[in-house]
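Below: the structure, in structure tokens.
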Amino acid sequence: MEVKVRPLECWNDFKKYRERYYKNYLEAKDKGGIRWAGSAWAFDAIPHGLGEDVYPLTGEPYGATCAFFHEFSRQCLETIERKGAARDLCGYMRNYWGSIAQNKYLLADGSIVEPFPRPDFNFTIHICCSHAKWYHYAAELENGVPTYAVDISVGPGYLLDDKKINYVVKQLNDAIPWMEKITGREYDDELLIKAVYAEADAMSTWAKICKLNQARPAPLEEKSMFSLYVLNLINRSDPEVAKLYHKLYDEVESRVKRGIGALTHEQFRFFTDNPPPWAFLKVYRYLEKEYAAISLGAIYTFGLGGGWIGMDEKGEKWIWEPAPTPEEAGVEITNREEALRWTAEYNLRYRASWQHEYSHWIRKLETYQMIKDWNADAIIMHINRGCELWNMSTLEVRDYLVKKGIPVATYEGNMADPRDFDEARTFNVIDSFMQSLGIERISEK
Amino acid sequence: MGKKVEEVPQLKQFREWFDKRHEYAKEWKRENGGKIVGYYCTYCPEEILYAAGVLPVRILGSHEPESITRPYLHDMYCPFCHDTLAQGLQGRYDYLDGVTLAQSCLHMRQSYFSFVDRVPNIQWSYYMHFPHGVNNPHATPYLRWELEKFKSAVEEWTGVTITNKELDKAIEIYNKNRQLMKKVFELRRGEKPPITGLHAMEMVVSSQVVDKKDHNEILESFLEDLKDVEVDRETGTRLILIGSEDDDRSFLELVEYGINYPATFVYEECCTGARYFWDEVRPNEDRLMALAERYVKRIPCPAKDWAAGELIRRRFQHIEKVIKDYNVQGAIIAQMKFCDPHELDIPSLRVLFDKNNVKHLTLELDITQPIGQFRTRVEAFLEALGEEDLFF
């Protein structure tokens, strides 16, 4: 059956925000502003307290942007390999380091400018083996940028206790005078509080948008979602981001009500796993065009910047329901301590992508429940050589899903190193998988 | 005339324990009737297990080719995590009652999860949320809390109440082991180190797989006997070994015994070397705090060594000190293939060695080693170092 489709009306709003974001970082100093760099998972509400002219650059989305522009990525990767960086390290990180080492900065439209804008400080988190060390070495490449990493390795949300939360809160508390000292600015708790509210709003609203994709036909396909979820990874504590997500939510909800889908034909619904191969997003278009197969999302797309309930209190079931914002939880944040505690707890408890590092059992339940709740027919897993964190448990999850009777295909690649991808082989895997499931090509129908 | 080091009986004992670690553990169990727990990373607070009458043994690989782990662990995960899981899947750890991991790198975590799920004799497992940020001041009190929970879990499982008295005893035995091995290492600072890196590795790794009481007894007499050892080999180039888990005998034998140019490892900065034992537990009325202090402040694994406000790596500071104290002339960076934490330090580590005028060679270790290729590279490296002596 043919489905009604139409372009997203707020598409350009998201595109423009992202373009402006990279430019703002570049031009921050012209306006007397502050630049900081860190992981997309950094507690980005904290630097907001330094003023309204504080501009972040988050490394993973920047690395993905580099990967999208193959030639620039190749130059970055080869430059940093010459300095001794191993080829199996995080692909995002190597692009980021290579960009610094070349002293070239990439804008969202692919234009390259020099020099690479040096941050006033690095502020990040550490959960996988790379994050803090990523910025430690970046700081050395940039002649000693002050760097502060927050250890968040306290376990999954359902096992949180006061001492675990306090451990993170104390580190955040220490970060504030550290930032004041570096920037010479006086910290404004009101701006922090505003940012913390905005962060939860943006993350929970993104989760609500993802839930709407349970509809049939699905209103969004994953390739487009990549351009939407990313705002939560570049500047989620900016109140403008939450506003854009509300606008998107309204539009997607309206599409569901009116039966507007993402694809003209939807004969096969699947999930992906792991970050995509950014240089080869044509994989998604191939599946759509050849098989009317729609990717509904992934733990990555839903959970990287989404706030979800996650594991239940007993640790027995994963719940794909949006996490409550302070307003929904009936919490009023009035001072620094409350703000830090809220952002620490919200992220530790509800950030879906911070849960499965501590047990592959969590990731099995998380993936299985997602497939069930969104009525997917299968999962196509990217065995990603570019990220050891997201690759953790992948094969155990595969084994679990197969035993549960869920069709699984795997292909090997690299999210951010275009040299590590075999396009022909990947399409062959897809064709064989579809054939084995009896999914016909649209052209053959 | 003193005796030759190869004739020292304690070295044979270390080697036997190293080779027959599983037989030792089974024998220990028969004799003591206690439980044995395998641990995955040297951040495991062994003293707590020991105080409960449990024998902690480090889970190690066997350096044999395997493919049994491929359905569970990705190929780009390190050979050590594959090798350790392979041992479990092949039933070589069939005597273990439990397994534990003090949170370390992702590869060890994945291997641990699969070990827990897929090795049938494992009755008890404990994943400790050990802090990663050992350079931040809040890590110690936080770890104390995690140790308290670990202690309770061990007590519940074993049915043994771990008293301060038992903890003191365990700490004393472990500290003694650390002190004795450190004394052995200090002998290597001299012009003619009495033991090689191979000997040191077998000494340290054997301490990870046997009862420390037994190990201490042998270590004490070893130190005595070392006084009479006549060093009958040319020291040659004084090397430091940098790496993660470097217990491959074939590699150490190659460098120290298989090259035309003499060379001796005088220090191993790895978790089968000094990182395991270098720091002691300092007395504290609060025993768990004492343990937390020790494990947070020990020479860090690169997985935990990064900037928390100050741009320092504590491990690098230690390496710089060792270079001076042990008169290091060359460094071999034995990089475990795919080990991210170590790889992440390599570009900066090269700078550190250059700054200290120490030549370095990076070799990538796998489950088995390409000895022929390594021989060529190490030989060229040592030859180049020798040429510097010749011309300057």
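If you check A:I319 against the conditions, is it open to solvent by less than 20 Å² (accessible area, probe 1.4 Å), outside the structural domain of A:T58 (by TED's automatic domain parsing) and of a type outside the set (D, E)? No; evaluated as a whole, the condition is false for this residue.
Summed over segment A:81-100, residues that are within 14 Å of another protein chain (Cβ to nearest Cβ) and either among the polar types (S, T, N, Q) or over 17 Å from the mean Cα position of the chain (by Cα) (or both) total 13.
Residues in segment B:305-337 that are within 14 Å of chain A (Cβ to nearest Cβ), in a loop (DSSP other than H, G, I, E, B) and open to solvent by 30 Å² or more (accessible area, probe 1.4 Å) were compared, and the one that is farthest from A:P146 (Cα to Cα) is B:K337.
Restricting attention to segment A:410-429, the residues being under 25 Å from A:R441 (Cα atoms) and either part of a helix (DSSP H, G or I) or charged (D, E, K, R) (or both) number 9. Of all residues in segment B:216-251, those being closer than 29 Å to B:I173 by Cα and outside any strand (DSSP E or B) number 19. Scanning segment B:109-121 for residues that are among the hydrophobic types (A, V, I, L, M, F, W, C) and within 9 Å of another protein chain (Cβ to nearest Cβ) yields a total of 1. Among the listed residues B:H107, B:H138, which satisfies the condition of being surrounded by fewer than 24 Cβ atoms within 10 Å (Cβ to Cβ) and closer than 25 Å to B:D340 by Cβ? Residue meeting the stated conditions: B:H138.
Within segment B:257-270, the residues that satisfy the criterion of being open to solvent by less than 10 Å² (accessible area, probe 1.4 Å) and either of a type outside the set (G, A, S) or part of a loop (DSSP other than H, G, I, E, B) (or both) are B:T264, B:F265, B:V266, B:Y267, B:E268, B:E269, B:C270. Within segment B:205-215, the set of residues being open to solvent by less than 10 Å² (accessible area, probe 1.4 Å) and either over 13 Å from B:R21 (Cβ atoms) or not in a helix (DSSP H, G or I) (or both) comprises B:V210, B:K212.
Mind checking which residues of segment A:15-35 are among the basic types (K, R) and either at pLDDT 95 or above or under 14 Å from A:F116 (Cβ atoms) (or both)? Hits for segment A:15-35 are A:K15, A:K16, A:R18, A:R20, A:K23, A:K29, A:R35.
Only one of A:G144, A:G155 is at pLDDT 95 or above, within 8 Å of chain B (Cβ to nearest Cβ), over 18 Å from B:P141 (Cβ atoms) and assigned to a loop (DSSP other than H, G, I, E, B); which?
Details: A:G155 fails: over 18 Å from B:P141 (Cβ atoms).
None of the other options fit; the residue is A:G144.
Would you please name the residue that is nearest to A:N95 (Cα to Cα), looking only at residues in segment A:380-437 that are within 14 Å of chain B (Cβ to nearest Cβ) and of a type in the set (S, T, N, Q)? Step by step, filter segment A:380-437, then rank; the result is A:N414. Within segment B:295-303, can one find any residue that is out of contact with any Phe, Trp or Tyr (no Cβ under 8 Å at 6 or more places or on another chain), free of Cβ contacts under 8 Å to residues at least 12 places away in the same chain and closer than 30 Å to A:I176 by Cα? No: segment B:295-303 contains no residue that is out of contact with any Phe, Trp or Tyr (no Cβ under 8 Å at 6 or more places or on another chain), free of Cβ contacts under 8 Å to residues at least 12 places away in the same chain and closer than 30 Å to A:I176 by Cα. No other residue among B:R238, B:R178 is in contact (Cβ under 8 Å) with a residue 24 or more places away in the chain, open to solvent by 10 Å² or more (accessible area, probe 1.4 Å) and in contact with a Phe, Trp or Tyr (Cβ under 6 Å, 6 or more places away or on another chain) apart from B:R178. Here the condition is being at pLDDT 95 or above and touching a Lys or Arg at 6+ places or on another chain (Cβ under 8 Å); of B:T158, B:T163, it holds for B:T158 alone. Residue pairs whose Cβ atoms lie under 8 Å apart, sitting 6 or more positions apart in sequence or on different chains, and linking a residue in segment A:341-363 that is without any contact (Cβ under 8 Å) to a residue 40 or more places away in the chain to a partner that is hydroxyl-bearing (S, T, Y), are A:H360/A:S393; A:H360/B:S114.
Every condition in (1) buried (at least 24 other Cβ atoms within 10 Å of the Cβ); (2) free of Cβ contacts under 8 Å to residues at least 24 places away in the same chain is met by A:G63 except one, and the failing one is (2). Could you list all residues from segment B:122-166 that are among the charged types (D, E, K, R) and within 8 Å of chain A (Cβ to nearest Cβ)? The answer is none; no residue qualifies. Please pick out the residue among A:F280, A:F302 that is under 17 Å from A:S227 (Cα atoms) and open to solvent by less than 10 Å² (accessible area, probe 1.4 Å). Step by step, each of A:F280, A:F302 is checked, and only A:F302 is under 17 Å from A:S227 (Cα atoms) and open to solvent by less than 10 Å² (accessible area, probe 1.4 Å).
Quick one: which residue in A:S436, A:S432 is among the small types (G, A, S), over 14 Å from A:Y286 (Cβ atoms) and assigned by TED's automatic domain parsing to the domain that holds A:I371? Please lay out each step first, then the result.
Values: A:S432 fails: over 14 Å from A:Y286 (Cβ atoms).
Selected residue: A:S436, the only one of A:S436, A:S432 that is among the small types (G, A, S), over 14 Å from A:Y286 (Cβ atoms) and assigned by TED's automatic domain parsing to the domain that holds A:I371.
What tally of residues in segment A:101-136 results from selecting those that are within 12 Å of chain B (Cβ to nearest Cβ), open to solvent by 10 Å² or more (accessible area, probe 1.4 Å) and either within 14 Å of A:Y25 (Cβ to Cβ) or touching a Cys at 6+ places or on another chain (Cβ under 6 Å) (or both)? Residues that pass the stated criteria total 0.
When A:T325, A:T334, A:T343 are checked against the criterion of being buried (at least 23 other Cβ atoms within 10 Å of the Cβ), away from every other protein chain (no Cβ under 14 Å) and of a type in the set (S, T, Y), a single residue qualifies: A:T343.
Here B:L60 qualifies as in contact (Cβ under 8 Å) with a residue 60 or more places away in the chain and surrounded by fewer than 24 Cβ atoms within 10 Å (Cβ to Cβ). Within segment A:277-295, being of a type in the set (A, V, I, L, M) and either under 21 Å from A:M370 (Cα atoms) or not assigned by TED's automatic domain parsing to the domain that holds A:R216 (or both) holds for A:L287, A:A292, A:A293, A:I294.
The helices (runs of 4 or more DSSP H) found wholly in segment A:183-300 and carrying at least 3 residues that are aliphatic (A, V, I, L, M) and touching a Lys or Arg at 6+ places or on another chain (Cβ under 7 Å) occupy A:189-212.
The values are calculated or read from the model by the stated rules, or taken from the named source; none is laboratory data. All values derive from a computational prediction rather than experimental measurement. Methodologically, a virtual Cβ is constructed for each residue, glycine included, from the backbone with ideal geometry; neighbour enumeration extends over all protein chains shown. Please note that ligands, DNA and RNA were not included when accessible areas were found on the heavy atoms of the full protein model with its side chains. Shrake-Rupley method; radii C 1.70, N 1.55, O 1.52, S 1.80 Å.
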